[in-house]
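*Asks:* Mind looking over this structure? Questions follow.
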Amino acid sequence: MSGTPARGRRLRFDGWIAGLGTTSGVRIVVGHWPRSPFGPFSDVMLERADGERLLLAPTPETADFIGATYAFDTVRVVPVEVTVAGRVWTVAAEPLRLRFTTGGRSTLGHLLRAVPGALAGRPAWSSLTDRPARLLMPGVRTRGSAGGGRREWYGARDLRPVTSLSATFEGRDLGALAPVEPPVRFGFGSVPRRPAVTRVTTTVELGAG
């Protein structure tokens with residue numbers, strides 16, 4: 001896909017979102033999108049302990065789109081590579097190096113996995129699940145208003161906890177795995193407080209003007 005998508009369109013992204021905290025206070029959100037209007041790509045949103053919000057995106061096109069949908073203080077276009085080997089994820093996105101491992105599904109993960117993909121991808125389903133998501137995971141929302149007059153829906157289809165992590169940013173060790181606390185402030189909601197990888201279908205409706 002090339003150029004800027006037309007206003008009023010609904011764009012669908014299918015993949016995974018990993019939300020991670022570290023004992024250094026840096027929180028990290030990795031988006032891994034095998035299917036998207038921009039083709040396969042991955043991106044990283046990072047919030048420092050001092051509150052600076054940083055986007056690492058692989059192309060100017062994806063950086064412009066994500067930067068217009070969410071809020072960042074700094075945007076960098078850098079190669080972003082994500083490799084998944086079983087339960088081990090490896091992320092290389094200069095200046096970030098990240099490796100983490102996922103565990104077995106919880107009861108909620110099994111429930112989400114039972115939702116048919118066609119249903120989970122519908123905005124109406126995300127609207128229906130928004131209140132339960134807020135109750136079960138404070139800070140998490142499945143629908144809301146994004147930047148530039150856009151609207152967004154998240155349809156979760158699976159959930160796995162993250163059990164271990166090693167990471168460096170700009171050559172500095174970020175410490176061990178920790179809760180995502182305080183919540184990240186890129187958009188209208190945060191990721192779960194407990195580090196996890198969520199299988200998700202995301203729908204973004206572009207602003208009408």
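The values are calculated or read from the model by the stated rules, or taken from the named source; none is laboratory data. As the structure is a prediction and not an experimental result, all values here were calculated from the model. Neighbour counts are summed over all protein chains in view; Cβ atoms, including those assigned to glycine, are modelled from backbone coordinates with ideal geometry. We work out accessible area using only protein heavy atoms, side chains counted, and drop any ligands, DNA or RNA first. Shrake-Rupley method; radii C 1.70, N 1.55, O 1.52, S 1.80 Å.
*Asks:* Just to be sure I understand, how many residues within segment 46-64 are surrounded by 13 or more Cβ atoms within 10 Å (Cβ to Cβ) and not in a loop (DSSP other than H, G, I, E, B)?
*Replies:* Number satisfying all stated conditions: 11.
*Asks:* Please verify whether segment 8-24 includes one or more residues that are touching a residue at least 24 places away in the same chain (Cβ under 8 Å), under 27 Å from Ala176 (Cα atoms) and part of a loop (DSSP other than H, G, I, E, B).
*Replies:* Taking segment 8-24 first, the residues touching a residue at least 24 places away in the same chain (Cβ under 8 Å) are 8-24.
From what is left, the residues that are under 27 Å from Ala176 (Cα atoms) are 15-24.
Applying the additional criterion that residues be part of a loop (DSSP other than H, G, I, E, B) yields 23-24.
Within segment 8-24, one or more residues are touching a residue at least 24 places away in the same chain (Cβ under 8 Å), under 27 Å from Ala176 (Cα atoms) and part of a loop (DSSP other than H, G, I, E, B).
*Asks:* Does Arg160 fit the bill of being at negative phi and within 17 Å of the chain's Cα centre (by Cα)?
*Replies:* Working: at negative phi: yes; within 17 Å of the chain's Cα centre (by Cα): yes.
Taking the combined requirement at face value, the residue satisfies it.
*Asks:* For segment 12-30, give me each residue that is open to solvent by 20 Å² or more (accessible area, probe 1.4 Å) and among the hydroxyl-bearing types (Ser, Thr, Tyr).
*Replies:* Thr23, Ser24, listed by residue number.
*Asks:* Determine, yes or no, whether Arg141 is in contact (Cβ under 8 Å) with a residue 12 or more places away in the chain, among the basic types (Lys, Arg), in contact with a Gly (Cβ under 6 Å, 6 or more places away or on another chain) and on the phi < 0 side of the Ramachandran plot.
*Replies:* Criteria met by Arg141.
*Asks:* Filter segment 8-18 for residues that are farther than 21 Å from Arg172 by Cβ and among the small types (Gly, Ala, Ser) and give the result.
*Replies:* Within segment 8-18, Gly8, Gly15 qualify.
*Asks:* May I ask you to say which residue of Ala196, Ala133 is touching a Gly at 6+ places or on another chain (Cβ under 8 Å) and hydrophobic (A, V, I, L, M, F, W, C)?
*Replies:* One residue alone meets the criteria, Ala196.
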